[in-house]
1. Limited to segment A:280-307, what total is found for residues that are in contact with a helix residue (DSSP H, G or I) (Cβ under 7 Å, 6 or more places away or on another chain) and in contact (Cβ under 8 Å) with a residue 24 or more places away in the chain?
2. Say whether the condition of being within 28 Å of B:ASP96 (Cα to Cα), in contact with a Gly (Cβ under 6 Å, 6 or more places away or on another chain) and assigned to a loop (DSSP other than H, G, I, E, B) is met by at least one residue in segment B:660-667.
3. Out of everything in segment B:201-225 that is aliphatic (A, V, I, L, M) and in contact with an Asp or Glu (Cβ under 7 Å, 6 or more places away or on another chain), what residue ends up being surrounded by the most Cβ atoms within 10 Å (Cβ to Cβ)?
4. Need the failing condition index for B:ASN544 against (1) at pLDDT below 95; (2) polar (S, T, N, Q); (3) farther than 30 Å from B:THR620 by Cα, just the number.
5. Within segment B:743-781, count every residue that is at the interface with chain A (Cβ under 8 Å from one of its Cβ atoms) and part of a loop (DSSP other than H, G, I, E, B).
6. Specify the residue that is surrounded by the fewest Cβ atoms within 10 Å (Cβ to Cβ); the eligible residues are those in segment B:32-51 that are more than 12 Å from chain A (Cβ to nearest Cβ) and either aromatic (Phe, Trp, Tyr) or out of contact with any Gly (no Cβ under 8 Å at 6 or more places or on another chain) (or both).
7. Which of the residues belonging to segment B:649-690 are among the aliphatic types (A, V, I, L, M) and within 21 Å of B:HIS368 (Cα to Cα)?
8. Considering B:THR219, B:THR209, which residue is modelled with pLDDT of 95 or more, over 26 Å from B:ASP657 (Cβ atoms) and among the hydroxyl-bearing types (Ser, Thr, Tyr)?
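The values are calculated or read from the model by the stated rules, or taken from the named source; none is laboratory data. Keep in mind that what you see is a predicted model, and the values were worked out from it rather than measured. Because the Cβ atoms are built from the backbone with ideal geometry, glycine has one as well, and the counts that use them run over all protein chains shown.
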Amino acid sequence: MKPLIGEHSLFGPVDPAAEAGYVDPPARKGFFTDTSVCIGCKACEVACKEWNEIPDDGFSLTGMSYDNTVSLSANTWRHVAFVEQPAAPAAATDGAGTVDLGMPGPPPPTSPEGAQATEELPDFRWLMSSDVCKHCTHAACLDVCPTGSLFRTEFGTVVVQPDICNGCGYCVPACPYGVIERRTGPEGAKNVGIAQKCTLCYDRIGDGQRPACAQACPTESIQYGDVDELRERAKARVEQLHEAGVMDARLYGADPDDGVGGAGAFFLLLDEPEVYGLPPDPVVTTRDLPHMFRRASAAAAALLVGAAVAFAGRRG
Amino acid sequence: MIQGSNMAEAHPVGFQWVMEAKARGAKVIHVDPRFTRTSALADQFVPIRVGTDIAFLGGVINHVLQNELDFREYVVAYTNAATILSEDFQDTDDLDGLFSGFDPETRTYDPASWQYADAGQKQEGQGRQQHEEQRETASALQHETHGLNVEGDPPRDPTLQHPRCVYQVLKRHYSRYTPELVERVCGVSQEEFLEVCRAWTEASGRERTTALVYSVGWTQHSVGVQYIRTGAILQLLLGNMGRPGGGIMALRGHASIQGSTDIPTLFNILPGYLPMPNANQHESFQDWIDSVRHPGSKGFWDNAGAYAVNLLKAYWGDAATADNDFCFDYLPRITGDHGTYRTVMDMIDGKVKGYFLLGQNPAVGSAHGRAQRLGMANLDWLVVRDLFEIESATFWKNSPEVETGEIVPEECRTEVFLFPAASHVEKEGTFTQTQRMLQWRTKAVEPPGDARSELWFFYHLGRMVRERLADSTEERDRPLLDLAWDYPLHGEHDEPSAEAVLKEINGYEVATGRPLSSFTEMKDDGSTLGGCWIYTGVYADGVNQAARRKPGREQSYVAPEWGWAWPANRRNLYNRASADPDGNPWSERKRLVWWDPDKGENGEWTGDDVPDFERTKPPTYRPDEGQGGIAAIAGNDPFIMQGDGKGSLFVPQGLIDGPLPTHYEPVESPFRNVLYGQQANPTRKEYDRDDNPMNPSPPELHSDVYPFVFTTSRLTEHHTAGGMSRYLQYLAELQPEMFVEVSPALAAERGLQHGGWCHVVTSRAAIEGRVLVTERLRPLRVDGRTVHTVWLPYHWGSGGFVTGDSANDLLGIALDPNVLIQESKVGTCDVLPGRRPRGRAVLDLVASYKERSGVDVDPGTPIVTVGPDADVHDHRDPVMRKEDGDP
């Protein structure tokens, strides 16, 4: 008989749908987002909002390059980051010896000396990348959900059921990527107070359709399909880019042995994850639960034994 | 090569093919004033000063010619490189920036001296008069498609050694466009420039082709047509025309702009590029036809009579007969310039009573927004059909002029009729895209409420006007009453059948109703009719060919069964050039169309695409002397719409501003033309009026009052004048405010804070926006000094979820003489920190700049700046003015 908690139930490589108890589930579905061909058109953001009836995220200019939706949030389930950076890493070091990660944000204050330098700038780079919920193999949001609102689908994805969610918010700090969030507005919007995030268009893929963002993407930067096949495709794409001399190309979230057991939605990046605002080495926040449980059990047992011994000793 | 285009941002769906090509190893180069999302995906980005593309491309031409990198076999056989020019031709190097034949009085050329040698004697001066008229009516647009009129056989020197052959003339013309000069004029380093030259030439020739992409970054200049000509010369020299993977892709501004040129919404042409009859030139039907077909000359326009008869039959049906010249006299006549900007000036002057706006928002989207709004405020009535209540419908109550008091809502006399329009998913019909491909759209949902299609609106408007006039006996009402206005209607709202319209456009036999399969079936006796001869075949066999959607993977790579492309479903124009003169592919890698001697009776043209050549005319065919029409085109002349069958490196007729592209500065420029004494396009069309002032440029004084160069364009997130994006929250939130992009250096110079406010001033307007300091804009070294470029998106106005000032308010109106397009991609300006003044104070600010620059004294710019007739006059500075005792 299958044990209730398996060796990799909370950490390590595993097929999440089978682990969740589905018998003969369909192949795990996910996204491969190839940022090397992203043109920053934001069609994914718009298609996602149209399909999922997500309210707007407010109308304010941020000054963070062309990013005015800032980050993934309850009202932005696909988010395109824009990173303006000089390509030569040498130019990214300031006097203090710190490294400019090219994080989205206003450029450093301008000075006349800086102005002079711009005329001989090295090649400039503008990175664009469409971020989304990672649909982790080990999803902490799901692990901590007390109501069962968050659940694992037969496609291995993680979905919130808004009619079950009680808005406790445990999932929000549990996510190692900061993806999930409770909707706070605008006024009159549906699901206010409820945890919100990408469903990998559960209501489309069950019908044999592609998620809205992948369908809208004009350059196939967002590819939807079987995770196993996407991982192969992604590996081949990295090799192709390396051969073309793009040595910084790397995969993010594609490794089943990483801290979340591999993401269902993974990425091809052209720089360090931090540059795109992604955590470099995310770990499922519930990874240590079994360990903690064993420790706690041992301690409890020891206490019990100690107490028993104490009583026994007294009798003796 | 992508130049003058921000393809990734303005054409993201088409850009997928660029990404596909890149994945297969294509190198993508982007030449642009600003680092855009297109640059981000390109292999090489080359920043260039706005308005200097002819200098840059002329440099590439010079590199090709000096190093003999042209595809010589192609050039000799397929272009007019070998053709010898008249002895009278003088080039811009002889005349300091002018060609021979210039008349400073009218600022037009007599093209007599530009002709091929022995081209028969043309009467002196006649050509000049024609040019004057052609400039008024943008008739170069007709020449573009009607081709070169060549009679006889002009002498050629296939060795290309004759000093007056086109090749040598071209070589001399561009000999001064060296890498050093490109660096000095364009601000492009020699290293970067030579890298582009290397990449372009290495990827061209027998085995390889290079595609060139441009958009309105090239067209919207006072020398816009010549920009594209420069690209055409280069692509011809490198053998990239008519071949797979080559060509010049003109990306159109939005869906079906190509369609609205083919079946035009322009004043000077009719469907299928037939010219609008001119009251002074085309007194009879035959005059009109002969002006297109040029009896005795060569080429495919010989059949123009049949195309015209079929169009008139489509308009007037049974009423059009041979006896009444098929109702030719019912066609309206043009008498001069009736272009959109002339019309706006006439509106301001009170000469226009009513105006229709359909899917257009000139209050935001057209150059010189203030003139647009003041013009509309002086109409009797205005019809606006749009998806939302756009600025062109609200200018009378909410606009910058209301703020300044120039328009008073209570007094504005224009009656605005706002009609809700059906969107593209709420109606059926075709889009024609840049490849001339028609794709049918089916209606996805019913339009909401009172929203209706354009087809519905015009059909029923016509019906009601005709009903109103039914009893009229006035002669002037006959054209309306005799119209064939009978389309099948369906549905609750009596929607006319779009397929029936498509069938009429395609053409059919009048007696049987059988749809025509090809325009060669069109008769000039009235037995067939067809609304647009180039579209004939789109309804062949009674099947809507535009609705075909066979996936690419189920057919050849040319995908002939996806949609339908004019003419005759050809996907690659002039594809005869993909084979060598003997009819064999230039290379196996690049084969497309070739001569198969074993096919048919005596051999046929065949291949992956529909051959753009008479199917059975063998490569060895040579016309007899004195032959005209199509028979005069030899079997090895691929450019069949040209009178000599050759691609034109040198254009003896049809262009008003000269036979060869020449670098002129933009009308507003901080720099003197370093190549010639002639500063800017001498033949440009200008409206020299107090309400259309131009900022001074060298050699005039005070250009330093407007020290920076600005350019405007689009963002992916918004659609042109914003009518389809600012009113939708999902798009509006993505770019929620008007902003102005400046380099860190300019921000430092002018004290602009990232995220703060700035305002931009020209002699037309002052507008404000938030500051975006970015290294994507880069100061350039030009002619020994630094020039800053300011970039503005032009999407905002007073309506929608997100509002802001309109960048097009900054522009004046100066037009290309060939097609009357406005120079809206470049101007000069000043930039100041903080928000602009409010109310009337903004007019004072603009006025103070005009006073400092002398524009208030003379709003125009000197146009001829060379020779004894130069009209350069120094704008008087304020100090001198005081001494003069001016008020």
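1. So the answer is 3.
2. Yes, segment B:660-667 contains at least one residue that is within 28 Å of B:ASP96 (Cα to Cα), in contact with a Gly (Cβ under 6 Å, 6 or more places away or on another chain) and assigned to a loop (DSSP other than H, G, I, E, B).
3. Going through the qualifying residues, I end up with B:VAL223.
4. With (1) at pLDDT below 95; (2) polar (S, T, N, Q); (3) farther than 30 Å from B:THR620 by Cα applied to B:ASN544, the lone miss is (1).
5. 8
6. Per the stated criteria, the residue is B:VAL50.
7. Across segment B:649-690, the qualifying residues are B:VAL667, B:ALA680.
8. Step by step, each of B:THR219, B:THR209 is checked, and only B:THR209 is modelled with pLDDT of 95 or more, over 26 Å from B:ASP657 (Cβ atoms) and among the hydroxyl-bearing types (Ser, Thr, Tyr).
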